[in-house]
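Step one of this worksheet: look at the structure below.
The values are calculated or read from the model by the stated rules, or taken from the named source; none is laboratory data. None of these values were measured; they are calculated from a predicted model. FYI the Cβ positions are ideal-geometry reconstructions off the backbone, even for glycines, and counts take in every protein chain you see.
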Amino acid sequence: MARASVPPPGGLPGPGVPPPERCSSCSGPDLTRLPLVLTDGTDVTFVSCNRCERREWITLDDAGAWQSLPIDTIIQRSARKPR
Ligand SMILES: [Zn+2]
């Protein structure tokens with residue numbers, strides 16, 4: 001069952017990794033997806049479920065998998081840097 005783990009060349013996953021199609025809470029297929037760029041330059045996708053109204057921010061990690069970001073992270077990365 002050994003599975004070779006090959007890091008993606010260049011570190012960045014290529015385009016074509018689709019965001020999740022179903023709500024992680026109710027598995028509903030009716031999602032609103034909105035690509036956003038946070039203040040610190042992080043690309044995220046805001047996902048809102050039209051069935052259970054769950055809201056989630058997801059981002060692609062280095063392995064090319066979608067990860068859910070906690071709201072605290074979103075707030076921190078959206079904040080303007082203090083001068
Ligand atoms: Zn849902």
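Would you check which residues across the range 30-54 are without any contact (Cβ under 8 Å) to a residue 12 or more places away in the chain and closer than 14 Å to P18 by Cα and list them?
P35
Just give me the residues in the range 54-69 being out of contact with any strand residue (DSSP E or B) (no Cβ under 8 Å at 6 or more places or on another chain) and either among the hydrophobic types (A, V, I, L, M, F, W, C) or modelled with pLDDT of 95 or more (or both), in sequence order. So that I can check it myself, show each step before the final result.
Initial filter on the range 54-69 (out of contact with any strand residue (DSSP E or B) (no Cβ under 8 Å at 6 or more places or on another chain)): 62-65.
Correct list: A63, A65.
In the range 24-53, what residues are at pLDDT below 95 and near the ligand (Cβ under 8 Å from one of its atoms)?
S24, S25
Let me spell it out: the conditions are (1) surrounded by 12 or more Cβ atoms within 10 Å (Cβ to Cβ); (2) within 16 Å of the ligand (Cβ to nearest atom); (3) at pLDDT 85 or above, and P19 meets all of them except one. Which number is the exception?
So P19 meets the others, but not (3).
Hey, could you check the range 55-80 for residues that are without any contact (Cβ under 8 Å) to a residue 40 or more places away in the chain and among the basic types (K, R) and say which is farthest from C26 (Cα to Cα)?
Among residues in the range 55-80 that are without any contact (Cβ under 8 Å) to a residue 40 or more places away in the chain and among the basic types (K, R), the one farthest from C26 (Cα to Cα) is R77.
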